[in-house]
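Trainee: Pasting a structure here, questions to come.
Please treat every number below as a calculation from the coordinates, not as lab data. Note that the structure is predicted; figures quoted are calculated from it, not measured. Cβ: placed from backbone, ideal geometry, glycine included. Neighbour counts: every protein chain shown.
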Amino acid sequence: MITAAIVGAEVMREHTPHVPYTPEEIAEEARRCRESGAAMVHVHGRKDDGAPTQDRETFGEILRLIRERSDVLVQFSTGGAVGMGVEERIEGLDHCPDMATLTTGTVNFGEEVFMNDLPTIRTIAERLKEKGVRPEVEIFDTGMVDTALRLIKEGLLEPPLHFDFVLGVQGGMSARIESLDFLIGMLPEGSTWSVAGMGRHELPLAKAAIDRGGHVRVGLEDNIYISKGVLARGSWELVDAVVDYAEQAGRPIATPSEAAELLQLTR
Ligand code: KMH
Ligand code: ZN
């Protein structure tokens, strides 16, 4: 299963002209990634000038336009941008996307802090439960797996869980193969997982995930280059690279409906 992280909160047009901002641009990029082989898109909201927003209306428009154009699964970010309050981060869940992220811990994020204390995590997990939206548990460091397991005990998360290992954020766990193998070893039986490597680590870690029977997240949120110094023309080009490698490795590419089944999503 390939997830395309087509727009995050940090990459701006100054970094790459190919990052989509408007719901229209986001929907078109989602369609293009689906065509390349992505089963799901991970999205943040942006204002027309590129400023990050988790605004309910923006997410509603993004979901409507994506669904108008393709059958790709839609995963909303509940992380938003550093500094946003929890209520702002989860407004979009009212639209009941196919999936949404849940980061189970606080992490240094470059010079800033991506804040996820337990009350914040519980608020997001409760809202996900209330709306019937399946979480993708975002893991930036090992303790976050333990916290997810604790939330299972508290009844806030229901196994089997899908984890996404976000490796190589400055302040989080490094993008090494050893990190990946350690994290895989921490997961309870029946879990599924994907890897999102940051920057130049994106494609090497995607390959490692494919080799290990896992799933992959690539896209301009995490990495803007297709090769050293060469900008990817869109997240779809990174999806193309993953598809090529998966084919060589003999791993089939999941369609959205196969991914929905795999993740036990109710569509
Ligand atoms: N923008 C980061 C601070 C998520 O999407 O859930 C948080 C983030 C995680 O991107
Ligand atoms: Zn994100």
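Trainee: Within the chain, what is the longest stretch that has no GluC sites (Glu not before Pro) placed in a DSSP loop and near at most 11 other beta-carbon atoms within 10 Å? All intermediate terms of the calculation are to be shown ahead of the outcome.
Mentor: Numbers: sites that count: 14, 111, 154, 189.
The answer is 15-110.
Trainee: Could I ask something else about it? By how many nm would the segment from residue 88 to residue 264 lengthen if fully extended, with 0.36 nm per residue of separation less the alpha-carbon distance? Intermediate values should be presented prior to the final figure.
Mentor: Working: separation 176, 0.36 × 176 = 63.36 nm, distance 2.73 nm.
Length gained between residue 88 and residue 264: 60.6 nm.
Trainee: Another question about this same structure. With a cut-off of at most 12 other beta carbons within 10 Å, and DSSP calling the residue loop, which trypsin sites (Lys or Arg not before Pro) in the stretch 1-82 qualify? Please list them.
Mentor: Numbers: sites: 13, 31, 32, 34, 46, 47, 56, 64, 67, 69; in loops: 13, 47.
Sites meeting the loop and neighbour criteria: 13, 47.
Trainee: For the chain, what are Rg and Dmax over the alpha carbons, in angstrom?
Mentor: Here Rg and the maximum Cα pair distance are 16.6, 46 Å.
Trainee: Return the long-range amide H neighbours of residue 163 (sequence gap of 5 or more, or a different chain), with a cut-off of under 5 Å between placed amide H atoms.
Mentor: 137, 192, 193, 194
Trainee: Cα-based Rg of the stretch 13-114 per 2.2 N^0.38 Å, rounded to two decimals? Please report the intermediate quantities before stating the final value.
Mentor: Values: Rg = 13.6 Å, N = 102, 2.2 N^0.38 = 12.8 Å.
That ratio works out to 1.06.
Trainee: From the convex hull of the Cα coordinates of the stretch 157-267, what is the mean projected area in square nanometres? Present the calculation step by step, with values, prior to reporting the outcome.
Mentor: Details: hull surface 31.1 nm².
About 7.8 nm², averaged over all directions.
Trainee: Any chance you could list P(r) for the stretch 56-203, counting all Cα-Cα pairs in 5 angstrom bins from zero, rounded to whole %?
Mentor: Cα pair-distance distribution for the stretch 56-203, in percent: 2, 9, 19, 22, 20, 16, 9, 3, 0.
Trainee: Follow-up question, since we're still on this one. List the residues whose amide H sits under 5 Å from the amide H of residue 90, counting only those 5 or more places along or on another chain, with H placed 1.01 Å from N in the peptide plane.
Mentor: The list, which skips near neighbours in sequence, is empty: none.
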